[in-house]
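The values are calculated or read from the model by the stated rules, or taken from the named source; none is laboratory data. Note that the structure is a prediction, hence the values are computed from the model and not measured. Glycine gets a Cβ as well: all are built from the backbone with ideal geometry, and neighbour counts include every protein chain shown. The accessibility values were calculated without ligands, DNA or RNA, using every heavy atom of the protein model including side chains. Shrake-Rupley method; radii C 1.70, N 1.55, O 1.52, S 1.80 Å.
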Amino acid sequence: MEEETAKSAHVLLLPYPLLGHINPLLQFADRLASHGFRATIVAPIRSRGDFRKADPSALASVNLEFFSDGHDNGFPLDLSLKAQDSNFSRVGSRAVGDLIDRLTLEGARPVCLIYNSFLPWALDVAHHHGILGVTFLTQPCAVCTIYIRYIRGFPVLPKEPDGCVAIPGLPLLGLRDLPSFITQTEGDPYHLELLSGQFKNIDQADYVLVNSFDSLEAEVRREMAEPWSPKLIGPALPSVYIGSRNPRASKTSDEQGKPTDCLHWLDDRSAGSVVYVSFGSLAALSPEQMEEVAGALRWCKWPFLWVVRLPFANQKGGNALPQGFIEATSEQGLVVPWCPQLDVLVHRAVGCFVTHCGWNSTLEGLTQGVPMIAIPQWSDQPTNSKLVSDVWKLGVRAEADETEVVRRGELERCIREFR
Ligand code: UDX
């Protein structure tokens, strides 16, 4: 009976409004819904575009509540990330609180608020309204552990620039393996503030959830556990792509009911022949790095599917393809602005994945058993790459030169390992 009551409970979820954070929380909400919970996601109107790119079947199982944070069409270019987040915390606190009150009046009072750990203010909103506050960490335990040690004043940087640091539960880490916000002093200092801020009130959270799983991070999870007991609820992916239900190699895209041009294009390629290239939803590559990736793909003549995302307004000059590349490679490969990534990774034609190693892409690549060639850009990606190559041995990291660019010869060498 108690279980029955718990299962009809209403759960409110608050993502950080970026696709890489919306996706895992949406998948977790979908899982709750499939267990009989009522799940409502609350988000600012400006993130609607990201929801349109998210998994439609998960969206169908949850309720969405959008609110205006005063910037429905996006923030002005000159507004810093810190100012954006502080606006979101001010307006979001009120909007989420009002929503809890409204749902309570409607007889649908939520029992808890599950919030992205980048939004620690949400815990106060939950507790102020007398419901449980549950923090949801979208990055792996390994990365969380490094930040926690950093905040607690333990050494996380090697003593010498070419030395290594020993962190319990992790392989020896060089400077290039650590989260970029810790190692790089240039850039917006707010990034480190934001990432460290995840842990500022975590002691008061009623539960701590991490998008990872025990068999992947058992040892480092134990390190992270003190003094909380994090629950590893990942991988937060559609259930059809996990474990024995994984459709890789047994289904074509059409059978999954989501045919798109790039999936049809893959249907006509032989098994394991295609290099899939994508750098996630945020990063924009420099013209020089684009030249090198294009050069590696073009001259080696492998079939390729390359996602070249349109850059954001503040990423002028990013993600620019070399002139004439599309025409010159039209028989060989396909360039698209976006694709259904999981369906692509599942496709039998895909032989390897050139990735920035964002945590979602990493989980997607490893659950689908696609070898990864890592070209990390920033944030947690260097650490994720290290785990992929040295711990889980599911791929390799392509080495950048002294100008931080991965050259075509190096990329070609890495791809050859898997094709
Ligand atoms: C950001 C950070 O860069 C990442 O390191 C952090 O862990 C989460 O937030 P992002 O750049 O968005 O991530 O990369 P990633 O975490 O890999 O998430 C991208 C998501 O977009 C994945 O779920 C991927 O499947 C999806 N995607 C990407 C598509 O569906 N289609 C595409 O064409 C490209």
Point-charge dipole on Cβ atoms (K/R +1, D/E -1) for the chain, about Cα centre, debye to 20: 460
Carbon and sulfur: what percent of the chain's accessible surface (1.4 Å probe)? 52
If the range 248-372 were replaced by its equivalent ellipsoid, with semi-axes equal to the square roots of 5 times the Cα gyration tensor eigenvalues, what would those be, largest first, whole Å? 23, 17, 13
If one takes the longest principal axis of the Cα atoms in the chain, at what angle in degrees, from 0 to 90 and to the nearest 10, does the Cα axis of helix 141-151 lie? 70
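If you take all C-alpha pairs in the range 348-390, what percent of them are over 17 Å apart?
On the way: 165 of 903 pairs.
I get 18 percent for the Cα pairs in the range 348-390 exceeding 17 Å.
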May I ask what percent, to the nearest 5, of DSSP beta bridges between residues of the chain are antiparallel? 5
From the residues Asn319, Val391, Ser361, which one has its Cα farthest along the dipole of the range 311-419 in the positive direction, the dipole being from +1 and -1 charges on Cβ of Lys/Arg and Asp/Glu about the Cα centre? Val391
Working note, the chain: Cα radius of gyration (Å, one decimal) and Dmax (Å, whole number) are 21.4, 66
May I have the convex hull volume per residue, in Å³, for the Cα set of the range 72-140? 108
Amide H neighbours of Gly395 at under 5 Å, excluding residues fewer than 5 places away on the same chain, with H built from the backbone geometry, are Met372
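Compute the relative contact order of the range 51-144 as a whole-number percentage, counting only Cα pairs closer than 8 Å that sit 6 or more residues apart in sequence.
Details: 64 pairs, mean separation 18.3, N = 94.
Over the range 51-144, the number comes to 19 percent.
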With a 1.4 Å probe and every protein chain left in place, work out the accessible area per residue of the chain in Å², rounded to a whole number. 44
Applying the Karplus parametrisation 6.51 cos²θ - 1.76 cosθ + 1.60 with θ = phi - 60° to the phi angles of the range 396-403, what ³J(HN,Hα) value in whole Hz is obtained for each residue in order, glycine and proline being reported as x? 9, 9, 7, 7, 7, 7, 5, 9
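Per DSSP H run of at least 4 residues, take -39500 (n - 2.57); add these up for the chain, divide by its residues and hand me the 222 nm value, nearest 500 deg cm²/dmol. All intermediate terms of the calculation are to be shown ahead of the outcome.
Working: 17 runs with 157 residues, N = 419.
Dividing the helical sum by the residues of the chain leaves -10500 deg cm²/dmol.
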Nearest 10 degrees, 0 to 90: helix 19-34 Cα axis against the chain principal axis: 60
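If the viscosity is 0.890 mPa s and the temperature 25 °C, what Stokes-Einstein diffusion coefficient in µm²/s follows for the range 129-208 when Rh is the Kirkwood radius over Cα pairs? Spell out each step's value before the answer.
Numbers: Rh = 14.0 Å.
D = 176 µm²/s.
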Can you work out the Karplus-derived ³J(HN,Hα) for every residue in the range 93-98? Use 6.51 cos²θ - 1.76 cosθ + 1.60 with θ = phi - 60°, whole Hz, and x for glycine or proline. 4, 5, 5, 5, x, 4
Whole-Hz Karplus couplings 3J(HN,Hα) for the range 221-228, θ = phi - 60° and coefficients 6.51, -1.76, 1.60, Gly and Pro as x, run 4, 4, 5, 6, 4, 6, x, 9
For the chain the mean separation of alpha carbon contacts under 8 Å (6+ apart) over residue count, i.e. relative contact order in percent, is 13
Kindly rank 381-389, 200-208 from highest to lowest mean number of other beta carbons found within 10 Å of each residue. 381-389, 200-208
